Each structure stands twice: as structure tokens, then as C-alpha cells.
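K.L.:
Take this structure, written in C-alpha cells, and hold onto it; I'll ask about it next.
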Amino acid sequence: MNAVNTPLSQPELAGSASAARTARAMEVGQHVIAALLTTIGVIRAVGVGTPAPAAIAAGLAILAWHTAGAILPARTPSRRAAVWWLIGFAVIWIAAVAVSSEFVWVAFLLWLLAGHLLPTVWGLTFSALVLAVVIVAPILQHGGTSYANVFGPAIGGVFAFAISRGYLQLLHDAAERERLVASLRLAQQEMSALQDELLLAQRHSGAVAERTRISRDIHDTVAQGLSSIRLLAHAGAARSQDPEATDTLTRVESLAGDSLTDVRRIIAALAPAELEAAALAAALRRVLDRAAEDSGLATELHVDESLPRLPTAVEVALLRTAQSALANVRLHAQATRVVLSLIDDDATVRLDLIDDGVGFDVAAWESGDQGRSTTSGYGLRFMRTRLRELGGGLDIESAPGEGTALSAHLPIAPAPTRRAAQETP
């Protein structure tokens, strides 16, 4: 079965395209080595006097068992199945060595397979037993051996096992590289989505600001003028003794009142309810909704009503922080619930994100041996660096099994502006 004699039977390498191609090439190489070593064993066995039928039967048994591992249906693609297959292969090889010690050449294939399929300790133990058979077989069949028959296979076995382990490590590295590339692609996609969110938020913010300006202009000019006309007409009608003039002034007062009502309705329409909610809050709500839709997270958003309008740079930094933090939650935290809070803390705005996930060791992460994955650790460091560039910071509280709490804080106004305000008498 393919899952038995290929390194990709190990779960940590599954899903890697380049690792799969490399493993396929290795599998083909193993079949070539098996055929070559078995053929050499058969030829040498016949050459030293072993009956040809027995030598050929032993060689065919070795090739049949090795080939069976590749063509049988992979119903149990597990490490245990691989181990039992390797043990069966070793038993057939020992039987072939009993027929002729010339089949010890196949031991190199066993050492290669041991390096692939067994943990290091068990692989070394298995390799040592194979070496013992290689050394003892000539002694039992020919009554003696030579230093070359002892040290040659020993050195070859060490190199075969080491090459096998090194090649397996290369497969691990290839799979890890592909995972990192996939993570970078995901980060690029999220950054693109974030830029779209920022453009939408800025467009919405600009539209709200323009509507607000127009509504204020109408209120300060047209509405005030109509109100003045109404008051003057009412006062003139009260003082006039001319019935026609009084009737005209009354009609002017009524028209001004109706027009003022229409203007106030227009002002109310130009100042929508969204004006009281910051554009950042709306963008955060959309980010949370997307996270809930993508991963099934239960999300909550809390925004202080007293939060003033924030500078664009602060809104951008907080939105990026929330986006990156939620990406970490989805990828690493295994959380079911996330609470996001935007808090007015006097001269500082604070963005708190709390999840109920697996958590991690903050002390180990701070020292460089982060408890989460490499990409998650980089994400937190990038967040902290971005916030510090704007005069803020990132506080992290977490412990294994106890979830994670992130608190990003930034000054609401740039530092020079605050100092200038303090110096103004």
C-alpha cells in the first residue's frame, strides 16, 4: 500500500504538493533499489552454489512483499500498518538470508525504510538487529567472515539510515515551507480585504461628513432666514391696521412656517442615525460579522458612546489590529466566542479583544519561544510594532487553556497636538 512505504503516510506531511511529488520520486527509487539489490543477491547466490530455484524463489518473495506494499489498497494508512509491513519485510528477508547469505545486500533497503517509517530510537534498534543478521549470516553459512563483511555493512547502514532521516527532514521542511507560503497568501488576501474595508470606511466617513456640513449650512442659513421671516411676518400682522396687509403677512407667516418644516425635515434626512456611530465602529462590526460567517464564532461588539471622532491614522491602526487579531483567533485559538470592545479612556482609545480559546504562554512568547505558531507570533509582534509607532502599545494576557485577552491602546490626538494644547494659556 502507498501509505505504508512512503514517508507521506505520516499525517504531518499530508496536503503538501511538493512533498507529495518528492515522496513519489522516493517511492520509485525504492522500487529500483529493491529490484537491483535483489537481482544482485540472486546472481551472487547462484554463483556461490545455491540452487537456482531456491535463490530465485527467495528473490521473488522479497520483491513480491515490497511491491505489495505499493499496489494493495490503502485501507489502513497508519504508522502502525507501516511498522507491521516493515516487520513482515524483515522476516521475509531473514528467510532469504537463510537460503543464501548473499541476500544481505537487501539490508541497505531495510535501513532506508527504517529511517523513513520508524521513530529514531526504534529505527536505530531495528537497524542494529538487521546489522546483526548481516554479520552473523556468513558465519553460520560459511563458518567465518572478514573485517570487510563487518565494517562495510556497518558503515553502509549508518549512511543509509542517516540519508533516510535527512531526506525525511527535507520533506518536513518542504511541507513547512508550503504552509508558510499558504499563510503568506492568506495574509495578503486579508490585507487586500482590509484595504477594501478601509476604503469603504473612509468613503462612508467622507459622505457622512459632507452630509453633516450641508445640514449645518442649511440650518445656519436657510432655516434661520425662514424662521426670521416667520417672526417678522407675525409681528407685522399683529401691528398692522390694514386688513389686506394683515392677510398678506399672515399668509407669508404660514408659508415661511411650512417651508421651515420642510427644511427641518431635509436637515434631519441629511443627518442620519449613523452619524452618531463612528465609521470605525461600523467597520469593526463588518469585520466581526465576516469572522462569524467564516468560522462560526459567536461575536460581540461594545463601543463607548462617549468616544470622540478619531484621527484617520488611529482608526486605520485599530482596524488593522482587530483584523490581525481576529485572523489569529480563527487560525490558532480554537475559540467559540470573541468579545471586541472600543473604549474611551480619557485621552486614549483602547481596543480590547477577548477570546475563550486555548491560550498560550505569554512569558515564553516574550522570550522568543512563543507558545503559538510562528505566524501567530509574528502577527502579534507586527501589531505591537505598528501601535508603538503611533505612540501606543499592545498588552497581552493569556495562559494555556484560559483564553487570550489583547488590549491595544493609542492616544486619541497626536502627541504634538496635545503638547501644543497644554502650552496654550
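K.L.:
Return the pair list, or none, for Cβ contacts closer than 7 Å from residues in region 227-241 that are more than 25 Å from D262 (Cα to Cα) to residues that are β-branched (V, I, T) and in a helix (DSSP H, G or I), at least 6 apart or on different chains.
P.N.:
Qualifying pairs under 7 Å: S240/T246.
K.L.:
Based on what the data block shows, is A201 free of Cβ contacts under 8 Å to residues at least 24 places away in the same chain and closer than 30 Å to I266 by Cα?
P.N.:
Considered against the rule, which asks whether it is free of Cβ contacts under 8 Å to residues at least 24 places away in the same chain and closer than 30 Å to I266 by Cα, A201 comes out as no.
K.L.:
Further question: Take the residues in region 194-213 that are touching a helix residue (DSSP H, G or I) at 6+ places or on another chain (Cβ under 8 Å) and hydrophobic (A, V, I, L, M, F, W, C), then tell me which one is surrounded by the most Cβ atoms within 10 Å (Cβ to Cβ).
P.N.:
Once the filter is applied, the top-ranked residue is A201.
K.L.:
Continuing with this model, one more query. Tell me whether region 277-297 contains one or more residues that are among the aliphatic types (A, V, I, L, M), assigned to a helix (DSSP H, G or I) and either surrounded by fewer than 16 Cβ atoms within 10 Å (Cβ to Cβ) or over 26 Å from the mean Cα position of the chain (by Cα) (or both).
P.N.:
Scanning region 277-297 turns up at least one residue that is among the aliphatic types (A, V, I, L, M), assigned to a helix (DSSP H, G or I) and either surrounded by fewer than 16 Cβ atoms within 10 Å (Cβ to Cβ) or over 26 Å from the mean Cα position of the chain (by Cα) (or both).
K.L.:
Moving to a separate point now. Hey, among the residues in region 239-259 that are assigned to a helix (DSSP H, G or I) and either at pLDDT below 80 or of a type in the set (D, E, K, R) (or both), which one's nearest to I218 (Cα to Cα)?
P.N.:
Within region 239-259, the match that is nearest to I218 (Cα to Cα) is D258.
K.L.:
Would you check which residues across region 341-388 are modelled with pLDDT under 90, closer than 27 Å to P411 by Cα and hydroxyl-bearing (S, T, Y) and list them?
P.N.:
Across region 341-388, the qualifying residues are S376, Y378, T385.
K.L.:
So, one more: Suppose we keep only residues that are modelled with pLDDT under 90 and charged (D, E, K, R) within region 389-414. Which one would you say is surrounded by the most Cβ atoms within 10 Å (Cβ to Cβ)?
P.N.:
Among them, the one singled out is E402.
K.L.:
Kindly indicate which of G236, G206 is part of a helix (DSSP H, G or I) and over 60 Å from the mean Cα position of the chain (by Cα).
P.N.:
Of the residues listed, the single one that is part of a helix (DSSP H, G or I) and over 60 Å from the mean Cα position of the chain (by Cα) is G236.
The values are calculated or read from the model by the stated rules, or taken from the named source; none is laboratory data. Not measured: the values here are computed from a predicted model. Note: ideal-geometry Cβ built from the backbone for every residue, glycine included; neighbour counts use all protein chains shown.
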